[in-house]
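Beneath this line is the structure, given in structure tokens, with notes to follow.
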Amino acid sequence: MLTVLVVCIFLLLIYTVWAVMSLTKGQALVATFLEMQFKELKAAQKPPSKLLAYGWFDDGWPMEKVDEEDRAPLENPAPQRNPDEYATQMYISEFKSMPSAHQRKEFLRQLFHDGVWMRPELLDVIYADESAFVRAWAAGHLETDFKDFTADIRNPREIRN
């Protein structure tokens, strides 16, 4: 009888050690998984770069001001004030690539702050956004009506209202 009791206690001890080890392994796996998820979240929450791309130059205008006028322009140009089709399509593709409505609103706020003139093609994408948050911010801050003065200066054609 004593032998059976000792064997039962020994088996219970072995089962307890096995259960504690499997629990420890499970907790280590959960901790590793959570750490990877937090790293991915931190990487996704990184703010975008603050410089606007100027055509082919993604890091801003390539020439810095120098003392000698013949080596660089007097001031950096502001092509965002009148963007061409390439810049407009780049703004559209960057806007569409952002998964979060808050990121898209922050991108629009940066464009607005930097004085970017937004063409109707870009505004069509912005005002058709799925998020009411983005649409409401855009309606409160961006142009909502456009007129085409190319045909007749005195009688412009309304493009957007």
At q = 0.13, 0.19, 0.31 Å⁻¹, what is the log10 ratio I(q)/I(0) for region 1-46, with the Debye formula run over Cα points and no solvent? -0.51, -0.68, -0.96
For F112, the net charge from surrounding residues (Cβ-Cβ under 12 Å; K, R +1; D, E -1) works out to -1
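Rule-based calculations on the coordinates, nothing more; no lab input. Everything numeric here is computed off the predicted structure, so don't read it as measured data. In this analysis, Cβ positions are derived from the backbone assuming ideal geometry, glycine residues included, and neighbour counts consider all displayed protein chains.
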